[in-house]
Amino acid sequence: MTEFTDILMRVWHDLISRPSGPMAFRFMLQPTMAIIAAVLDGMKDARTGRSPYFWTLVHSPEVRSGRLKEALKATSRTILLSLGMEAIYQYKVLHTFYIGEALIITFFLAVLPYMLLRGPFARIARYFLDKKKANQ
């Protein structure tokens, strides 16, 4: 059990030291790229009248896998960039590569912002589209 505790402590230490270390700009770049993808896909959802993204993931298991594939496709470049930048960071700072840490950072910086913001951006876009139709 001590080995597991040591691993958790190392992971926690490594994760909290990243924002203040070298290549800290990636903590702005990766979420920004995910947000841009969320805006574009949210606007597409609004134009096509699709249901809110996260709500559909949680409440519609029959379409969940398709919507997750859309998210993976939309964020694939951001995910690859995130993994690449994390590999460079770990090589320069830690002199090794921990895939688990790289996946954690990638999820929180590249995937989670997309998943959480696509639905709200779709709602905002739908509001403006409805307003535009009402004014015509």
Region 22-55, residues that are closer than 13 Å to R118 by Cβ, at pLDDT below 85 and surrounded by 12 or more Cβ atoms within 10 Å (Cβ to Cβ):
S51, P52, Y53, F54
Among the residues of region 91-114, is there at least one that is touching a residue at least 12 places away in the same chain (Cβ under 8 Å), within 30 Å of I7 (Cα to Cα) and basic (K, R)?
yes
Taking region 65-109 as the region of interest, how many residues are over 19 Å from A38 (Cα atoms) and polar (S, T, N, Q)?
2
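Let's see how each residue does on (1) in contact with an Asp or Glu (Cβ under 9 Å, 6 or more places away or on another chain); (2) assigned to a helix (DSSP H, G or I):
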site: M9; (1), (2): no, yes
site: L15; (1), (2): yes, yes
site: P19; (1), (2): no, yes
site: A24; (1), (2): no, no
site: I35; (1), (2): no, yes
site: A38; (1), (2): no, yes
site: R47; (1), (2): no, yes
site: S51; (1), (2): yes, no
site: V58; (1), (2): no, yes
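Here are some residues: L129, L103, L83, L72. Which one is assigned to a helix (DSSP H, G or I) and either modelled with pLDDT under 90 or among the hydroxyl-bearing types (S, T, Y) (or both)? Steps first, please.
Values: L129 fails: either modelled with pLDDT under 90 or among the hydroxyl-bearing types (S, T, Y) (or both); L103 fails: either modelled with pLDDT under 90 or among the hydroxyl-bearing types (S, T, Y) (or both); L83 fails: either modelled with pLDDT under 90 or among the hydroxyl-bearing types (S, T, Y) (or both).
Selected residue: L72, the only one of L129, L103, L83, L72 that is assigned to a helix (DSSP H, G or I) and either modelled with pLDDT under 90 or among the hydroxyl-bearing types (S, T, Y) (or both).
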Is it the case that some residue within region 16-38 is more than 17 Å from the chain's Cα centre (by Cα) and closer than 30 Å to L129 by Cβ?
no
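It is to be established whether one or more residues within region 61-74 are within 30 Å of S20 (Cα to Cα) and open to solvent by 80 Å² or more (accessible area, probe 1.4 Å).
Here is the first cut: in region 61-74, the residues within 30 Å of S20 (Cα to Cα) are 71-72, 74.
Of the ones still in play, those that are also open to solvent by 80 Å² or more (accessible area, probe 1.4 Å) are 72.
Yes, that holds for at least one residue.
The values are calculated or read from the model by the stated rules, or taken from the named source; none is laboratory data. This is a predicted model, so every value here is computed, not measured. Cβ coordinates were reconstructed from backbone atoms using ideal geometry, including for glycine residues, and neighbour counts include every protein chain displayed. Ligands, DNA and RNA are excluded from the accessible area calculation, which covers all protein heavy atoms including side chains. Shrake-Rupley method; radii C 1.70, N 1.55, O 1.52, S 1.80 Å.
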